[in-house]
1. Full extension from Gln25 to Glu2: what is 0.36 nm times the residue separation minus their Cα-Cα distance, to one decimal in nm?
2. May I ask you to list the aspartates and glutamates whose Cα is less than 14 Å away from that of Lys27, ignoring any residue fewer than eight positions away on the same chain?
3. Can you give the FRET efficiency to the nearest 0.05 for Leu226 and Arg60, using r as the Cβ-Cβ distance and R₀ = 45 Å?
4. For the stretch 199-213, take each phi angle, set θ = phi - 60°, evaluate the Karplus expression 6.51 cos²θ - 1.76 cosθ + 1.60, and give the result in whole Hz per residue in order, putting x for glycine and proline.
5. Once the Cβ-Cβ distance between Ala52 and Ala97 is put in as r, and R0 is 22 Å, what FRET efficiency do you end up with, to the nearest 0.05?
6. Can you give the net charge of the other residues whose Cβ lies under 14 Å from the Cβ of Glu75, counting K and R as +1 and D and E as -1?
7. Apply 1/(1 + (r/R0)^6) to the Cβ-Cβ distance of Glu212 and His179, taking R0 = 41 Å, and write down the FRET efficiency to the nearest 0.05.
8. Within the stretch 123-152, what residues put their amide N at less than 19 Å from the label point 7 Å along the Cα-to-Cβ vector of Val261?
Amino acid sequence: MEIVILPDGAAVGAAAAARIAAVVQRKPEAVLGLATGSSPLGAYAALADLVARGEVDLSRTSAFALDEYVGVPPESPLSYAATIAHDATGPLGLDPARVRTPDGNAADLEAACSAYEAAIAAAGGVDVQLLGIGANGHIGFNEPTSSFASRTRIKTLAPRTREDNARFFGGDLDAVPMHCITQGLGTILDARQLLLVAQGESKAAAVAAAVEGPLTAMVPGSALQLHRTAVVLLDEAAASKLTLADYYRFTYANKPAWQRVD
Ligand code: GLP
């Protein structure tokens with residue numbers, strides 16, 4: 001795992017964008033894994049700048065979102081389909097026809113989960129998966145005790161997650177859906193590269209548990225320890241509970257030039 005501690009959220013976003021751009025420059029038809037939430041917004045903004053400057057072109061790139069609420073219509077601005085369209089598809093110049101989110105309104109939700117897995121496989125798998133992390137250590141909507149082998153499926157949101165996300169529903173906890181569809185940890189681990197971004201003190205404990213704690217289903221983010229190419233980009237506050245922070249700084253400062261992408 002590569003852990004990079006950067007001065008602030010803007011630097012985290014720029015570093016994530018540079019790494020995604022490097023993948024697409026090598027492979028214009030790459031498949032991106034997109035995340036919702038506030039954590040990746042800096043990465044999307046920095047990547048949109050690279051697109052606007054003509055340094056990378058995402059028009060042939062496909063994308064799959066990690067997750068979706070059950071029962072929120074895609075036209076609602078609260079759906080992850082609408083969020084991804086607003087935060088990523090438009091600003092990044094992605095072709096909307098190549099961007100998918102799980103169908104949280106399907107009559108047969110289990111079939112929708114299987115169809116999502118099949119669509120990812122048919123696209124050739126995800127080349128680089130952008131991830132945030134929840135305060136309880138979740139990635140996607142894989143709440144604590146999610147299996148490391150899990151695939152796309154229906155989950156019940158943890159009370160902490162519903163409380164954290166109530167801000168998007170006007171602070172009304174009752175309005176936050178109970179259920180979601182999320183790519184499983186096994187699905188996420190199949191991506192060729194994982195790129196987790198975290199900013200702020202509120203993520204410090206979850207980051208430390210995921211990166212330095214034991215491999216445990218109680219911390220779904222610890223699944224990154226199983227991946228061959230996982231990169232964790234942190235601002236100082238999100239890195240503040242890491243035991244080996246100085247080692248990560250030393251490693252990054254001494255990284256050979258040929259290995260640097262940012
Ligand atoms: C959300 C999403 C996750 C996201 C996490 C953190 O509920 N399902 O993909 O990483 O929670 O959100 P934020 O980045 O807003 O803190």
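Please treat every number below as a calculation from the coordinates, not as lab data. All values reported here derive from a predicted model rather than from experimental measurement. Cβ sites come from the backbone with ideal geometry, for glycine too, and all protein chains shown count toward neighbours.
1. Computed gain between Gln25 and Glu2 is 6.1 nm.
2. Glu55, Asp57, Asp127
3. Efficiency computed from Cβ-Cβ geometry: 0.90.
4. 9, x, 4, 5, 9, 4, 5, 5, 5, 4, 5, 5, 8, 10, x
5. Efficiency, from the Cβ-Cβ distance: 0.55.
6. Within the 14 Å Cβ shell, the charges total -2.
7. Efficiency at R0 = 41 Å is approximately 0.80.
8. It comes to 124-133, nothing else.
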